[in-house]
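Comments concern the structure below.
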Amino acid sequence: MSRAKGRPPVLTLDAAQEQAAQQVIKRFLQERFELELGSFEAQEVLDLFAREIAPLYYNKAIFDVQSHLKERFESIESDLWALEKS
């Protein structure tokens with residue numbers, strides 16, 4: 001991945017995933033906007049998303065998992081209290 005535009009991305013893909021993502025970007029821009037991008041340009045778009053947008057989704061996913069786990073732990077705690085003998 002090109003790092004010329006600032007900080008490195010939070011999330012990275014392996015080579016096959018990057019290649020597939022580049023193809024998705026190329027196809028989307030061609031079909032939607034009739035723009036033909038080369039691999040270098042598609043990689044720049046991918047790098048932008050990895051640096052600027054992916055962290056937003058990543059952080060949202062972490063928050064969602066934390067909320068889910070909090071609910072589950074509260075449920076487990078409640079179940080354990082119900083098992084307590086007096």
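The values are calculated or read from the model by the stated rules, or taken from the named source; none is laboratory data. Everything numeric here is computed off the predicted structure, so don't read it as measured data. Here the Cβ positions follow ideal geometry from the backbone for every residue, glycine too, while neighbour counts run over all protein chains shown.
Just for the range 13-44: of the residues that are of a type in the set (A, V, I, L, M) and in contact with a Leu (Cβ under 7 Å, 6 or more places away or on another chain), which one is farthest from Tyr58 (Cα to Cα)?
Initially, the range 13-44 is screened for residues of a type in the set (A, V, I, L, M), giving 13, 15-16, 20-21, 24-25, 29, 35, 37, 42.
Filter again for in contact with a Leu (Cβ under 7 Å, 6 or more places away or on another chain), leaving 21, 25, 29, 35, 37.
Details: Ala21: 17, Ile25: 20, Leu29: 24, Leu35: 29, Leu37: 27 Å.
Checking each candidate, the answer is Leu35.
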Subject >> One residue from Lys70, Lys60, Lys26 being free of Cβ contacts under 8 Å to residues at least 24 places away in the same chain, exposed (fewer than 11 other Cβ atoms within 10 Å of the Cβ) and closer than 24 Å to Gly6 by Cβ >> reply: Lys60
Original post:
If you take the residues of the range 3-19 that are at pLDDT 95 or above and either in a loop (DSSP other than H, G, I, E, B) or of a type outside the set (S, T, N, Q) (or both), which of them is surrounded by the most Cβ atoms within 10 Å (Cβ to Cβ)?
Top reply: Glu18
Original post:
When the range 33-52 is examined, which residues are found to be outside any helix (DSSP H, G or I) and surrounded by 10 or more Cβ atoms within 10 Å (Cβ to Cβ)?
Top reply: Leu35, Leu37, Gly38
**OP:** Output the number of the condition that Pro55 fails; it satisfies all remaining conditions of (1) touching a residue at least 40 places away in the same chain (Cβ under 8 Å); (2) exposed (fewer than 13 other Cβ atoms within 10 Å of the Cβ).
**Re:** (2)
Original post:
Scanning for something under 16 Å from the mean Cα position of the chain (by Cα), modelled with pLDDT of 95 or more and not hydroxyl-bearing (Ser, Thr, Tyr), does the range 39-46 turn up at least one residue?
Top reply: yes
